[in-house]
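Okay, structure first, notes after.
The values are calculated or read from the model by the stated rules, or taken from the named source; none is laboratory data. In this text, all values refer to a predicted model and were calculated from it rather than measured experimentally. Note that each Cβ is placed from the backbone with ideal geometry, even for glycine, and that neighbours are counted across all protein chains shown. Heads up: the accessible areas ignore ligands, DNA and RNA and are worked out on the full protein's heavy atoms, side chains in. Shrake-Rupley method; radii C 1.70, N 1.55, O 1.52, S 1.80 Å.
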Amino acid sequence: MVLIKEYRVCMPLTVEEYKIGQLYMIARHSLEQSDEGEGVEVMDNKPCEDPVHGKGQYTEKRIHLSNRLPYWIQAICPRVFYVTEKSWNYYPYTLTEYTCSFIPKLNVLIKTKYENNNGSTENCLDLSEDELKVRIVDHVDIAFDELTGKHYKREEDPKFFKSEKTNRGPLIEGWRETDSPIMCSYKVVHASFEVWGLQTKVEDFIQRGIRDILLLGHRQAFAWLDEWYGMTLEDVRIYERQKQAETNEKVQQNTNPQPVKAAEITSPDKVES
């Protein structure tokens with residue numbers, strides 16, 4: 001049985017504001033987390049269209065992270081190792097898939113939808129009855145859930161940050177019941193690693209990693225509010241292109257990749273912000 005978790009992450013923003021803040025956060029976060037050949041390399045970023053969801057944006061990234069994996073995964077991974085992220089963003093709905101050509105049985109699928117509420121919609125992503133029976137709902141609190149020490153910065157702590165432009169924050173206990181505006185990012189994560197003896201361990205590790213990324217990224221999106229608030233979509237796209245170029249250069253300077261076969265790039269077997 002594939003492990004299914006639904007993360008609900010509330011933000012003191014509107015869905016429309018979050019659209020800008022999310023793009024800004026992902027671009028800046030990717031640059032900050034990329035060093036010594038580790039990090040996120042953007043391979044493609046272009047418009048796309050879907051018959052159901054309409055026009056959107058497609059991105060493909062390589063996440064170089066071999067040195068950041070636990071020892072028991074490093075032991076089976078090659079020195080040059082990356083995960084492929086493919087994302088179709090039809091805001092307020094997105095679909096993201098993670099695969100690895102070296103580990104074809106690894107697959108992570110994330111469906112996301114954003115709504116202007118505090119996480120009160122019980123089946124936002126229209127899960128089936130079977131999926132609802134095994135789904136685990138996890139409410140992520142950007143202010144009061146504990147962040148690992150190496151990532152903690154007081155200036156990015158929602159319990160202390162106050163926005164000068166919007167007068168929002170600091171967030172106090174119970175803020176998700178009282179603050180306005182408020183929106184929620186609903187993320188259903190299907191994580192599968194069908195290898196006997198390792199399945200539960202790896203799937204649990206993937207889910208913990210995704211939760212940590214969600215907590216850090218959303219804290220940053222709020223703490224950086226005054227830097228992106230007032231940007232237009234075109235403004236943030238320009239910022240995104242600039243940061244992507246800087247990030248790619250930073251990663252490539254310290255990475256000596258082996259030749260990549262076409263099949264590895266196009267393979268249908270394949271962690272957001």
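Against the test of being more than 20 Å from residue 96 (Cβ to Cβ) and modelled with pLDDT under 95, the options 174, 197, 169, 209 yield a single qualifying residue, 197.
Look at the range 177-204: where a residue is of a type outside the set (Gly, Ala, Ser) and a partner is open to solvent by 60 Å² or more (accessible area, probe 1.4 Å) and part of a strand (DSSP E or B), sitting 6+ places away or on another chain with Cβ atoms under 6 Å, you get 186/113; 188/111.
Is it the case, given these coordinates, that residue 7 is at pLDDT 85 or above, in a strand (DSSP E or B) and open to solvent by less than 40 Å² (accessible area, probe 1.4 Å)? So residue 7 fits the description; yes. Close contacts from the range 146-168, counting a first residue that is closer than 16 Å to residue 180 by Cα and a second that is of a type in the set (S, T, N, Q) and at pLDDT 95 or above, with Cβ to Cβ under 9 Å and a gap of 6+ residues or different chains, come to none at all. For the range 79-86, state whether one or more residues are under 14 Å from the mean Cα position of the chain (by Cα) and among the hydroxyl-bearing types (Ser, Thr, Tyr). Yes, some residue in the range 79-86 is under 14 Å from the mean Cα position of the chain (by Cα) and among the hydroxyl-bearing types (Ser, Thr, Tyr). Reported count of residues in the range 104-125, each being touching a Cys at 6+ places or on another chain (Cβ under 8 Å), outside any strand (DSSP E or B) and aliphatic (A, V, I, L, M), is 0. Under the condition of being in contact with an Asp or Glu (Cβ under 9 Å, 6 or more places away or on another chain), open to solvent by 30 Å² or more (accessible area, probe 1.4 Å) and not aliphatic (A, V, I, L, M), the residues counted in the range 10-45 number 3. Taken together, the residues in the range 91-108 that are among the aliphatic types (A, V, I, L, M), touching a Ser or Thr at 6+ places or on another chain (Cβ under 8 Å) and modelled with pLDDT under 95 amount to 2.
Scanning the range 143-160 for residues that are in a helix (DSSP H, G or I) and open to solvent by 50 Å² or more (accessible area, probe 1.4 Å) turns up 149, 150, 151, 154, 155.
When 99, 94 are checked against the criterion of being open to solvent by less than 50 Å² (accessible area, probe 1.4 Å), over 17 Å from residue 188 (Cβ atoms) and among the polar types (S, T, N, Q), 99 stands alone in meeting it. State whether one or more residues within the range 202-211 are surrounded by 15 or more Cβ atoms within 10 Å (Cβ to Cβ) and either in contact with a Ser or Thr (Cβ under 8 Å, 6 or more places away or on another chain) or part of a strand (DSSP E or B) (or both). Scanning the range 202-211, I find at least one residue that is surrounded by 15 or more Cβ atoms within 10 Å (Cβ to Cβ) and either in contact with a Ser or Thr (Cβ under 8 Å, 6 or more places away or on another chain) or part of a strand (DSSP E or B) (or both), so the answer is yes.
With respect to the conditions (1) of a type in the set (Gly, Ala, Ser); (2) open to solvent by 30 Å² or more (accessible area, probe 1.4 Å); (3) at pLDDT below 95, residue 120 lacks only one, and its number is (3).
For residue 38, are the conditions met, namely being in contact with a His (Cβ under 7 Å, 6 or more places away or on another chain) and at pLDDT below 95? Considered against the rule, which asks whether it is in contact with a His (Cβ under 7 Å, 6 or more places away or on another chain) and at pLDDT below 95, residue 38 comes out as yes. The residue that is nearest to the chain's Cα centre (by Cα), among those in the range 148-192 that are of a type in the set (Asp, Glu) and closer than 17 Å to residue 17 by Cβ, is 179.
Only one of the listed residues (134, 140, 189) is surrounded by 12 or more Cβ atoms within 10 Å (Cβ to Cβ) and over 23 Å from residue 33 (Cβ atoms). That residue is 134.
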